[in-house]
Structures are given as structure tokens and as C-alpha cells.
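Asker: Below: one structure in C-alpha cells.
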Amino acid sequence: MKHSGSCHCGAIGVDLETDGEPREQVIGACQCSFCRKHNARAFSDPRARVTLTAHEPTELQRYTFGLNTSKQIICRRCGVYVAMILTEDGRAWSVINIDTLDNRALFSQPAKLRDYSSEDRIGRIERRKGQWTPTTLVGWPDS
Ligand SMILES: [Zn+2]
């Protein structure tokens with residue numbers, strides 16, 4: 001099943017492909033301070049596929065904090081937090097903000113609390129490669 005979405009203005013596109021039923025997917029409420037401030041509802045599944053498309057690359061804003069192991073992707077124009085991505089050796093993994101999808105109402109189940117604050121840098125990167133969604137970045141600006 002394919003689900004499409006984007007930031008509010010459409011500069012950054014989000015496409016999710018998954019075999020799972022929307023209401024059976026696990027939605028996470030990460031307890032880090034960034035996600036709490038956005039009240040972000042996160043989704044990742046290593047068996048799914050995500051494509052993130054920079055339709056307007058100049059509107060793509062990256063933000064990083066904490067252990068600096070990933071980049072938060074925010075639209076510069078409309079302010080929507082789209083996804084968190086990890087890149088390494090030309091590969092990418094992501095957690096998407098499930099509410100960027102057009103049919104977000106299908107994913108309205110309560111989010112499960114996630115607290116990763118006790119992880120170290122290596123442990124965090126390894127977990128993400130195992131649990132985040134393999135991701136294709138299209139039209140993505142360098143660095
Ligand atoms: Zn936007």
C-alpha cells in the first residue's frame with residue numbers, strides 16, 4: 001500500500017510504501033525534547049520503503065542536536081517537521097512524521113512512548129539502521 005504526503009506547502013514530498021495495515025502500524029512518541037516540542041508521531045519499519053523528495057531543495061532545512069547522529073528535516077517555508085534521517089555510505093534510513101501523510105487519519109492509533117536517552121552514539125546508530133525505514137532521497141541538496 002502506498003501513502004503519499006508532504007510538508008504543508010509541498011516543497012518536501014513524503015511517500016511511504018508498506019504491506020502493513022495502517023491501524024496495525026506502531027506509531028512512536030519519541031520522548032526527546034525536539035519530538036516533544038513538535039508532539040511528533042513517528043513511524044519507521046525496516047520492511048517498508050520511504051521516498052523523500054525535495055521538490056524545492058532551497059526550502060529544505062536540516063537541524064541536528066544531541067549526539068548529532070541524524071538530521072531533522074524541516075521545511076523552511078511552511079515550518080513542518082517532515083522526517084529524521086540517517087545517512088551513511090550513500091544509504092539512508094528515516095523516521096517519518098506520520099502526520100505528513102495525506103491519509104494521516106488512518107494512522108490515528110495512540111502513539112507508544114519511546115525513550116532512547118540512555119543510548120550512546122554507536123548504539124544509537126546501530127539501532128536506527130535496524131529499525132528505521134530504508135529511504136531514497138530524491139533531488140536532495142548536498143551536505
Ligand atoms: Zn513546506
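Every number in this text was worked out from the coordinates using simple rules, so none of it is lab data. Keep in mind that what you see is a predicted model, and the values were worked out from it rather than measured. Positions of Cβ are backbone-derived with ideal geometry, glycine not excepted, and every protein chain shown enters the neighbour counts.
Asker: Could you work out the relative contact order of segment 2-138, using alpha carbon pairs under 8 angstrom and six or more residues apart, expressed as a whole percent? Don't jump to the answer; show the numbers that get you there.
Answerer: Values: 285 pairs, mean separation 46.3, N = 137.
Relative contact order comes out at 34 percent.
Asker: Could you give the dipole magnitude of segment 2-138 about its Cα centre, charging the beta-carbon of Lys and Arg +1 and that of Asp and Glu -1, in debye to the nearest 20?
Answerer: 360
Asker: Among Arg76, Arg127, Arg62, whose mean-square fluctuation peaks in a Gaussian network model of the chain (Cα, cutoff 10 Å)?
Answerer: Top of the fluctuation ranking is Arg127.
Asker: Report the chymotrypsin sites (Phe, Trp or Tyr not before Pro) located in segment 11-66 that are in a DSSP loop and have at most 15 other Cβ atoms inside 10 Å of their Cβ, or state none. Walk me through the numbers on the way to the answer.
Answerer: Values: sites: Phe34, Phe43, Tyr63, Phe65; in loops: Phe65.
Loop-located and lightly packed - Phe65.
Asker: Residue-wise, which Karplus ³J(HN,Hα) couplings in Hz belong to segment 97-114, taking 6.51 cos²θ - 1.76 cosθ + 1.60, θ = phi - 60°, and x for glycine or proline?
Answerer: Values, residue by residue: 7, 4, 6, 7, 6, 4, 9, 4, 4, 5, 10, 8, 4, x, 7, 8, 5, 10 Hz.
Asker: Give the shape of segment 2-138 as rounded, prolate or oblate, defined through the alpha-carbon gyration tensor: a ≥ b ≥ c are the square roots of its eigenvalues, a/c under 1.5 means rounded, and otherwise the shape is prolate if a/b is larger than b/c and oblate if not.
Answerer: Working: a/c = 1.30, a/b = 1.09, b/c = 1.19.
Verdict is rounded for segment 2-138.
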